[in-house]
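Peer 1: Dumping the structure here so I can ask a few things about it.
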């Protein structure tokens, strides 16, 4: 059995609990909260062990970091990945900032993991995550060509947080709608703080770096919470060339509950972490077989 | 540069040549034929080195086995995978018999590879191959549920060969048509040998083990070659559960030139073979990153 700790208990933490409970080869070591008196309010099941320091839990193999992305690399956060790796605990996160931030995190955790003989798997969600794997499969199958990743329709966490930070916004929801070729429309629904003019707030949103490059529509509503659902999706497509054959067409499409899928992928990565050498990995660097609870014989019979 | 030999020069051999030529990190060591006087007739490019024994080629890292599937494990075939592994040459095949045959091949080549410090990658095509990877991603993303693999429309090599072996058949083409839920219709087009009754030949085809379980339609045509095209496809779907969230929906679809895709995947596997420890692997056991000609930094920037 793989013993996993859940660090943080928002949407992803709750979904991780459910995914771990459903996995026959995994065991929940406990839930780590900043303030364990809040366990009930956060919805942690009554039977769960709740601690404020992961070292209070027995023999944790791996920690699922269900904390905000920006806390994962933050040295001031006591549950940051590097600190847990230093305790010899593998870490799984769904860090979602592409590019330099991902590269920097990877280098930092690779060093920490190699020093303390532990394994970090980063970006273990759906994008980055399984979409990254699919982009890789698409490209080695048809190395010349174009891949488009089209998100939604679904709530964008990043854009929603960005809108909420804008002056005059009381509550917000930003929905991403795919327009094709990797272009997206942003549908922004806001509640206003008293004393603010809608047209001015709307103009501020459209000028925000998160929105300035995309077609953005802002609408005022009475109750943002009435619009929220956790469904999301992606439509990926590649048209390319294999050898000398043009017009090789590939598509990958999914319609999913966002936190449930993210948590499920983190659980699969937790399993895989025990089969990697010390260091840091992204999903395309891990064999798919390691993410499944199967022997080689089962793998070949059921999947190959 | 990875130096690759092409063993056999049918559709897959020719497509492998094209895929290797297009790959900047690969070099063609030469083409291995049973009878090298047939090189021109088979369409081997004039500039290529052609030999009858792979040992005549300089420093071959990896051999692409573009020979019939059943020759790959055949000890009497001098280019069988195990014989080349014994020479210290990695082997890539697109062996396509699922189940026991694949398991047996894997065990045998694992032993040969470990003994001679070489690597075999088996079933490196699209099914088995990238479809196997996708089935794995689908299942770790939603562990409870059903996956269906729907093939076609496109020519089935295995079924076409089976029809050609039936008494009275002069030439044949068997096209696979998807009916959904992994069920398939077989459309069989045949030219008859003189003196044979269509109804009798048709009845024999429908009773053949390759066809007896599927809805099969047999039609007589004047010229089978006029119907042939190398296009094929697959539509895979999974509906399943991530954690406690039902109705997670995934689809993967492709429309492709069959030998070109198979060869391109074999070339990617050839690249990956140099990054594995000795032994035998199927595609879900290999990190996707190893199949791409990228550094870790490029991988993270472009795919993650």
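Peer 1: Go through the range A:273-289 and count every residue that is within 9 Å of chain B (Cβ to nearest Cβ) and closer than 19 Å to residue A:116 by Cβ.
Peer 2: Here the count works out to 1.
Peer 1: Just the residues that are more than 9 Å from every other protein chain (Cβ to nearest Cβ), surrounded by 24 or more Cβ atoms within 10 Å (Cβ to Cβ) and assigned to a helix (DSSP H, G or I), please, taken from the range B:104-136.
Peer 2: B:105, B:109, B:113, listed by residue number.
Peer 1: How about the range B:34-56: which of its residues are under 12 Å from residue B:7 (Cβ atoms) and assigned to a helix (DSSP H, G or I)?
Peer 2: B:54
Peer 1: Sticking with this structure for a sec: Among the candidates A:53, A:93, A:61, which residue alone is crowded, with 21+ Cβ neighbours inside 10 Å, more than 15 Å from residue B:304 (Cβ to Cβ) and either facing another protein chain (nearest Cβ under 9 Å) or in contact with a strand residue (DSSP E or B) (Cβ under 9 Å, 6 or more places away or on another chain) (or both)? First the steps, then the outcome.
Peer 2: Working: A:53 fails: crowded, with 21+ Cβ neighbours inside 10 Å; A:93 fails: more than 15 Å from residue B:304 (Cβ to Cβ).
Residue meeting the stated conditions: A:61.
Peer 1: Next up: Are any of the residues in the range B:139-151 buried (at least 16 other Cβ atoms within 10 Å of the Cβ), part of a loop (DSSP other than H, G, I, E, B) and away from chain A (no Cβ under 11 Å)?
Peer 2: No, the conditions are met nowhere in the range B:139-151.
Peer 1: Give the number of residues within the range A:243-266 that are within 23 Å of residue B:130 (Cα to Cα), more than 8 Å from chain B (Cβ to nearest Cβ) and touching a residue at least 12 places away in the same chain (Cβ under 8 Å).
Peer 2: Number of matching residues: 2.
Peer 1: Let me ask something additional. Is it fair to say residue B:101 is assigned to a helix (DSSP H, G or I) and within 30 Å of residue B:236 (Cβ to Cβ)?
Peer 2: In short, yes.
Peer 1: Considering only strands (runs of 3 or more DSSP E) fully contained in the range B:188-304, which possess at least 2 residues that are crowded, with 24+ Cβ neighbours inside 10 Å? If you could, list the steps in order and put the result at the bottom.
Peer 2: On the way: elements: B:215-220, B:231-242, B:245-257, B:279-281.
Correct list: B:231-242, B:245-257, B:279-281.
We did not get these values from a lab; they are worked out from the coordinates using the rules stated. Owing to the predicted nature of the structure, the values given are computational and were not obtained by experimental measurement. In this analysis, Cβ positions are derived from the backbone assuming ideal geometry, glycine residues included, and neighbour counts consider all displayed protein chains.
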